[in-house]
Ligand code: SF4
Ligand code: SF4
């Protein structure tokens, strides 16, 4: 057990020292109840209590748009150079649902062929979790998928104990940082206080959908032709917001763009969405998910069925962003509840 203590009034010094070593990003209030991860230089800028940010911190691991390659086709020997734009960054204040999202992405991008752009960027990130003591809002379904409790995926993990944070030190680089910062070791009274926080959470967080989550993959398998998909498909406007804000969605598009000299250019990748009509269009003009209902079904299957078949875990982390952002009021909890009712 490697736990240390940081007094609340020492947080500013901690962030400032960290900023001297690398870029520090954290959740910041953006008005109208919204929050976003952005660069900070002191603790006063950070929202220690926040609901899930507009975009999850995956944007630091996999930017919305990134250059992968620069090429030059002039001359007899065309050439290209790989580009990895990765700088040392501390991502502070990540809730457990978003840590779970990053764990999902790590699994996907570590598969062969490994995605070196993602992995090099990940290696340069110091991930600092922050425990949420209560529900963010009514859209969250983190207890259903068990992402409300910490289960690794971070370097350091902060839990608020009132006048101080107790910090779980989880990796070698975190240990070195804690030693350098001179943080005191936790004592038994701190561990008792931490257990109190966890006991409170166990009493507050309850499965948000009335189903044994272990049954969900089978319920999805039985519900492939459910009318639920037609219902949500009839309401969905295919904006793609739900997938863009999802911490575990990772689909992207690649494009080569020539410069005006028609000799040099760049290859970029940009986030894509399975909810957009052309996403599943292939050569010859065929589209194997032309209907919105098919695309909606696909989105849910990617979270609760296919990911379990392939990676043995749900790829929904229960953050609630898709419901919070949907302009058609499509609710993940309501969709799951309807599907469960049909198939149990
Ligand atoms: S956010 Fe809502 S309307 Fe937009 S694609 Fe997703 S489900 Fe459809
Ligand atoms: S599907 Fe919705 S609730 Fe689940 S992780 Fe993605 S955005 Fe969050």
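Conditions (1) assigned to a helix (DSSP H, G or I); (2) within 30 Å of residue 315 (Cα to Cα); (3) at pLDDT 95 or above; (4) assigned by TED's automatic domain parsing to the domain that holds residue 318, marked per residue:
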| site | (1), (2), (3), (4) |
| --- | --- |
| 44 | yes, no, yes, no |
| 48 | no, yes, yes, no |
| 55 | no, yes, yes, no |
| 59 | yes, yes, yes, no |
| 76 | no, no, no, no |
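Here are some conditions: (1) touching a residue at least 40 places away in the same chain (Cβ under 8 Å); (2) more than 16 Å from ligand 2 (Cβ to nearest atom); (3) surrounded by 19 or more Cβ atoms within 10 Å (Cβ to Cβ). Residue 143 meets all but one. Which one does it not meet?
That leaves (2) as the condition not met.
Of the numbered conditions (1) in contact with a helix residue (DSSP H, G or I) (Cβ under 8 Å, 6 or more places away or on another chain); (2) more than 16 Å from ligand 2 (Cβ to nearest atom); (3) under 30 Å from residue 162 (Cα atoms), residue 247 satisfies every one except a single condition; which is it?
(2)
Tell me which residues, restricted to region 273-292, are under 25 Å from the mean Cα position of the chain (by Cα) and under 16 Å from residue 226 (Cβ atoms).
292, the sole residue that qualifies.
Just to be sure, is residue 184 without any contact (Cβ under 8 Å) to a residue 60 or more places away in the chain, more than 27 Å from residue 33 (Cα to Cα) and either out of contact with any helix residue (DSSP H, G or I) (no Cβ under 8 Å at 6 or more places or on another chain) or within 16 Å of ligand 1 (Cβ to nearest atom) (or both)?
Against the criterion (without any contact (Cβ under 8 Å) to a residue 60 or more places away in the chain, more than 27 Å from residue 33 (Cα to Cα) and either out of contact with any helix residue (DSSP H, G or I) (no Cβ under 8 Å at 6 or more places or on another chain) or within 16 Å of ligand 1 (Cβ to nearest atom) (or both)), residue 184 does not qualify.
Give the residues of region 153-173 that are part of a strand (DSSP E or B), more than 23 Å from the chain's Cα centre (by Cα) and farther than 13 Å from residue 92 by Cβ, sorted by residue number.
164, 166
Would you check which residues across region 292-306 are within 11 Å of ligand 1 (Cβ to nearest atom) and within 16 Å of residue 101 (Cα to Cα) and list them?
Selection gives 299, 300.
Return yes when residue 230 is touching a helix residue (DSSP H, G or I) at 6+ places or on another chain (Cβ under 9 Å), assigned to a helix (DSSP H, G or I) and modelled with pLDDT of 95 or more and no when it is not.
yes
Considering (1) in a helix (DSSP H, G or I); (2) within 8 Å of ligand 2 (Cβ to nearest atom), say which one residue 338 fails and leave the rest.
Every condition holds for residue 338 apart from (2).
Any chance region 97-112 includes a residue that's without any contact (Cβ under 8 Å) to a residue 40 or more places away in the chain, on the phi > 0 side of the Ramachandran plot and out of contact with any helix residue (DSSP H, G or I) (no Cβ under 9 Å at 6 or more places or on another chain)?
no
Considering every residue within region 1-15, establish whether at least one is part of a loop (DSSP other than H, G, I, E, B), in contact with a strand residue (DSSP E or B) (Cβ under 6 Å, 6 or more places away or on another chain) and farther than 30 Å from residue 192 by Cα.
Looking for residues that are part of a loop (DSSP other than H, G, I, E, B), in contact with a strand residue (DSSP E or B) (Cβ under 6 Å, 6 or more places away or on another chain) and farther than 30 Å from residue 192 by Cα, one finds none in region 1-15, hence no.
For region 113-137, name all the residues that are free of Cβ contacts under 8 Å to residues at least 12 places away in the same chain and not in a helix (DSSP H, G or I).
Within region 113-137, 113, 114, 115 qualify.
The values are calculated or read from the model by the stated rules, or taken from the named source; none is laboratory data. Nothing here was measured: the structure is a model prediction, and the numbers come from that model. Here the Cβ is made from the backbone with ideal geometry for all residues, glycine too, and neighbour counts use every protein chain on show.
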